[in-house]
Structure formats: structure tokens, C-alpha cells
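The values are calculated or read from the model by the stated rules, or taken from the named source; none is laboratory data. Everything numeric in this text was worked out from a predicted model, so none of it was measured. Here the Cβ positions follow ideal geometry from the backbone for every residue, glycine too, while neighbour counts run over all protein chains shown. Accessible surface areas use protein heavy atoms only, side chains included; no ligands, DNA or RNA. Shrake-Rupley method; radii C 1.70, N 1.55, O 1.52, S 1.80 Å.
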Amino acid sequence: MSQIIIQGLLLSGLYALIAVGFTLIFSIGRVLNLAYGAYLMIGGYVYYHFTQVLGLPQIAGILMAAIFGCVIGILKYRLIVKTLKGDHVAVEISTLILAVVIQAGIVLVFNDSSKILHPIVPGVWRIGGATVTFNILTAALASWAILIGLYLFVRNTHIGRAMQAVSMDVKGAAISGVDPDRINLITWGISGALGAVAGVFFASYTQLSPSMWVAPLIIAVAVVIVGGIGSIIGSLIVAHIIGFMEIISTTLIAAELRGVFTMLLIIGVLVMRPRGLFGREEL
Amino acid sequence: MAFLEIEGLSAYYGKARALHNVDIAVEKGEIVAVVGANGAGKSTLLDSIMGLTAIKGDIRLGGESLAGLSSRAIVEQGVGYAPERFNLFPYMSVFDNLMVGAFTARDEADRNLQHVFDLFPRLAERRSQETYTQSGGERQMVSLGRALMTGPRLLLVDEPTIGLAPKVCHDIAESLRRLNGETGLTIVITEQNANFAMSLASHLHILETGELKMSGTADELGSDEELNKAYFGH
Ligand SMILES: Nc1ncnc2c1ncn2[C@@H]1O[C@H](COP(=O)(O)OP(=O)(O)OP(=O)(O)O)[C@@H](O)[C@H]1O
Ligand SMILES: [Mg+2]
């Protein structure tokens, strides 16, 4: 029991981090970035390359992952999203294509066998009957630190307020001297960096493989759809619902069920409450 | 040379032309009203000054052309805008809405905020309220306040009194008069109600289906018979 609670809490923290970059883009740019899972994959592979191939320290690996993710987010906005401005279907299809292209690129560079990342922090911790790897503990703590940092940034800085403003009223933002295009660019950069860092932790929890972008994408989509747009707290709660659902189903029923309940939850909410459990009315 | 010079301005939505060859000059420290019926092009005119529409012709502020600049650059040039539907950020507090207005004027944010709270004490009381829960009058104050947070030399207000109770209209008019009187701020408002416009503005411009029909002081226009019938209801 305590195993389930602890594992559930830790996994949920990681899931919240996975979802937040995706939620950000959806709330501010109104784009379902289906290439988001690929940011996580890139983050994982960049980390692998710099730490396990080149032998750099872990923190440098995480930093490089963040930089790569940020650059890819910015390029994607500039080259695809902005060019196709307003055409949501075209943007979403091209983001999905981009994910597949990135997957092919990864196979080309790293081949298609899966790889195990060394734990970011090795060791285990036993409390009560439960064992917790330092790795997932680090991932969860780092996730919480990043989420709190992001929350404070969005609430209290000029750029963060401008991001909220653009998400609520583009014209209102523009006449206040905010350049919505620049804010979108910044948001895509932040989202890419967040995704890539989440990818490092996710890959260290599971493994690296060229198809690893699908599972986190489903988690992120689920958090947005179930949580609804514009609610950071709602996203956190949903990340916990999904995290616990997954731990409970995989430990008590069968490991093969990983992800299945998440997808059922997406469909259930789409049918019964399209706005999401915590979403605001569309503006 | 006037402070704000609008010269041969035409504005387009796609191929449709919403303004045709409009000339307006506004002197520094003046309150000027643009009067017109629904669809005359009042909002289009203010949007055009703000860089939000496709235009031909020129718009100059203090001699510098605004045509072709981004809205952000126009805000930095000193134009503040309180638009018709306010375009507030509904799930942000009054304070945060105002602070977004300070985006390009961060160094003066404290001073401008104090100024806004002096002008609208109600906003100071309600600084944590999210604006989607506010009344129309309060939203108009937030909208004006946000425009003032940009530190404008020219304030554009689109139909300041539309949908507001007479008492609130009076208060808003009083605030605009105070702003103009105390800080010498140049103000351009639009109105459907010519009588209200007349009570506030020194010069009026009558807009009809995208064209400037007539311009003049309140006295000049008040004695025009045809105009009286159409806009003043007597
Ligand atoms: N976004 C738009 N796309 C196409 N046409 C528009 C758009 N906005 C306004 N128009 C058209 O431009 C003309 C002028 O509209 P505008 O909103 O400027 O009038 P207005 O004087 O502000 O009217 P109101 O008093 O109702 O606010 C109208 O014919 C309107 O249909
Ligand atoms: Mg209008």
C-alpha cells in the first residue's frame, strides 16, 4: 500500500512535468503540439549522448538537453507554426509528421535498439515496506522545483503576465505593447526546454527508444483534455489522477495495462465533459 | 503642425474598405470626438491608429509617422487605447491587467499605478478581483487604467459610455476631463451620442459610412440644421 502511494506520488510529479510544456503551448498558442513527445525523446538522447557517450557530468547533460529542446521549439514555431498561422489542422498534421521525422532521424543517428540510461542519481531508499530509487525521487523533486519555478515566473514577471495575457486576449495584449509573436516564440522555447528536461527524467525512469515519444504525448494530451485549458492547478491534479491510475493498474492488475486507462479517461472526458474537469469557458 | 495628423487614411478588411480618405488633425492637449452611427468606421479608425488594420495614407504623432509600425512600437510611441469591447484579460486580477499595460513602461509602473488608483479609487479596492466578475463600469475603468499604464501621450477611447448607466457615464466623463485637465493628456474619443461628445470635446468629426462628413467645433456643428436632425435629435 505504502509502495503504491509513494510510487504514485513520485510518478505523478514526473507526469506533471511532462504535461506542463504541452499545456503551456495549448493555452497560449492554442496549438496541440503533437511533436511534443519528440522533444522528450530528443532530450533523452541528447542527455545520453553527452553523458554516456562523451562522458560529461549529468548536470551538463541536462543543460544540453534543455538547450536542444529550446532551439527545436523555437525553430518549430518559426518554420512551421508561424508559417501556417491560423490553420490548426495543417499545424497539427505537420507537428505529427515532424515527430515521425525526428523518430527516423534518431534511428539513423543512434540505431533503433533501445538504450538504458544510467540512473541520474544511483541508489535506493527503503521506507516502511517501500523501496524508492533515488533516481525517481530526484526526478520527482526536480519536477516539483521546475513546476513551482514556472508557476512563479508566469504569475509574477512581466513576460509571464504577458504570456497569460496573450492566452486570454491577443488584441488586448497587443494594444498593451506586448508583441504576441515574440511571446509565442518565448513560450515555444520554454516548452521545448521543459519537454527535453522532462524527457531526460522520463527516459531514466523507462528507457531510451525511437518510439518513446508516444507514451508521454498521450500523458500530455490526457492532462490537457482532462484538466481543461488555462488551469495549472487542474493540470497538477490530473497528472496525479493519471499517475496513480497507472501505478494501481500496473501493480494490481497487469503491467501490460500501462497507458490503457489513461486513454479510456481521455475518451470518457471528451464524451462527457469536453471542456475538461477544471477548464474555463472558451474565451 | 498638429500633434496627431491623420492624412488621406483608408482602411481595409480584406478587399472591403471601411474608411475612405479620412483627414483629422488633433492639437496637443485637446479632447476630440469622432461621432458616427453603428458601422460608420469609428472603431476601425482607432484600430488603424493602433496599427491593427491594413491602411493607406499616413498617421503622424508629434511629426513621426506611425504607419507601418507594429502595435508594440505604436504603444512605445505613446499611444494608449481603451477599445470598445475592452479586451481585458478575464481570468487575471485587476492588478495583473494593469501590470500588463506596463509591459513597455516598466520603469514608470509604480508611478503610473499610483496615478491610476488616484483616478479610480475603486480599482485600488478591487485590485485582486478577476475582471470577468466585474461590472461594465468597472471594466471600463480597468481598460482606461491599462491604457494609462503604458504612459501615453495620446489616449484613444472607443465609445467610453456605451452600455453604462447615466451615473457611470458621468463619472467616466469626469475622469477623462480630469485626465485632460490635470496632465494635459490629448484624448480622442468616439461616440454615437453626439450630445455627450459635445459636452466633452472641443472639436467633433462626423463619420458616415467610412467617410468624414464634417468637422468643426461644437458651436459650428451645433448650428448646422441637417446635422442637428441626424445626430442631436432636435
Ligand atoms: N474585422 C472585420 N472584418 C470585416 N469587416 C469589418 C471588421 N470590422 C469592422 N468591419 C466593417 O467595417 C465597417 C466599420 O466598422 P466599425 O466597427 O469600425 O464601425 P463602428 O463605427 O465602430 O460601429 P459601432 O458603433 O457599431 O461600434 C462596418 O461595415 C463593419 O462591418
Ligand atoms: Mg465600434
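Find the percent of Cα-Cα distances in the stretch B:1-57 that exceed 16 Å, and round it to a whole number. When all Cα pairs of the stretch B:1-57 are counted, 42 percent exceed 16 Å.
What residues in the stretch A:166-187 lose 10 Å² or more of accessible surface when the other protein chains are added to their chain alone (1.4 Å probe)? Relative to the lone chain, where solvent access is computed with a 1.4 Å probe, the stretch A:166-187 loses at least 10 Å² at A:M168, A:D169, A:K171, A:G172, A:A174, A:I175, A:S176, A:G177, A:V178, A:D179, A:R182.
Just to confirm my numbers, what's the Cα centroid distance between the stretch B:126-156 and the stretch A:225-265 in Å? Measuring centre to centre over Cα atoms gives 41 Å. In summary, the lysines within cross-link reach of A:K82, defined as a Cα separation below 23 angstrom excluding same-chain residues under 8 places away, comprise A:K171.
Computing the accessible area with a 1.4 Å probe over protein heavy atoms, can you report the carbon and sulfur percentage for chain B? Exposed carbon and sulfur together represent 48 percent of the surface.
Helix A:158-168 and the long axis of chain A differ in direction by around 70°, with both axes built from C-alpha atoms. Annotation for B:D110 and A:S211: the two label points, set 7 Å from Cα along the Cα-Cβ direction, are 6.0 nm apart. Report the normalised scattering of the stretch B:69-176 as log10 I(q)/I(0) at q = 0.12, 0.20 Å⁻¹, calculated by the Debye formula with identical scatterers on the alpha carbons. Those come out to -0.35, -1.03, one per q.
Sparse packing (at most 16 other Cβ atoms within 10 Å of the Cβ) combined with a DSSP loop state is found for the following trypsin sites (Lys or Arg not before Pro) in the stretch B:6-82: B:K15, B:K28.
How many square angstrom of accessible surface are buried between B and A, both sides summed, with a 1.4 Å probe and rounding to 100?
2100 Å²
Could you compute the longest span of chain A free of GluC sites (Glu not before Pro) located in DSSP loops and having at most 13 other Cβ atoms within 10 Å, not counting the site residues? The segment A:1-280 is the longest one with no such site. Work through the residues other than B:I187 whose Cβ is under 15 Å from its Cβ and net out their charges, Lys, Arg +1 and Asp, Glu -1. Every neighbour counted, the sum reads -2. Along its three principal directions, the equivalent ellipsoid of chain A from the Cα gyration tensor extends over semi-axes of 29, 23, 18 Å, largest first. Here chain A has 72 percent of its accessible surface on carbon and sulfur atoms, given a 1.4 Å probe and all protein chains in place. Diffusion coefficient (Stokes-Einstein, Kirkwood radius over C-alpha pairs, 20 °C, 1.002 mPa s) for the protein assembly as shown: 84 µm²/s, rounded to a whole number.
Within straight-line reach of A:K85, meaning a Cα separation under 12 Å, sit the following aspartates and glutamates at least 8 residues removed in sequence or on another chain: A:D181.
Surface analysis of the protein assembly as shown yields an accessible area of 42 Å² per residue, using protein heavy atoms and a 1.4 Å probe. Measuring nothing but alpha carbons in chain B and taking Rh as the Kirkwood radius, the Rg to Rh ratio lands at 0.95.
The DSSP beta bridges internal to the stretch B:71-224 are antiparallel in roughly 45% of cases. Taking 7 Å steps out from each Cα toward its Cβ at A:I116 and B:A230 produces label points 8.4 nm apart. The count of lysine pairs in chain B that are at least 8 places apart or cross chains, and whose C-alpha atoms lie under 23 Å apart, stands at 9.
Taking Cα centroids, how far is the stretch A:83-97 from the stretch A:151-172 in Å? Cα centroid to Cα centroid, the span is 24 Å. When you restrict to C-alpha pairs under 8 Å that are six or more residues apart and normalise by the size of chain B, the relative contact order lands at 27 percent.
For the protein assembly as shown, the share of DSSP beta bridges that are antiparallel, to the nearest 5, is 60%. Under the criterion of Cα pairs below 8 Å and six or more residues apart, the relative contact order for chain A equals 36 percent.
Put a dot 7 Å past the Cα of A:H88, heading toward its Cβ, do the same for B:A124, and the two dots end up 4.4 nm apart.
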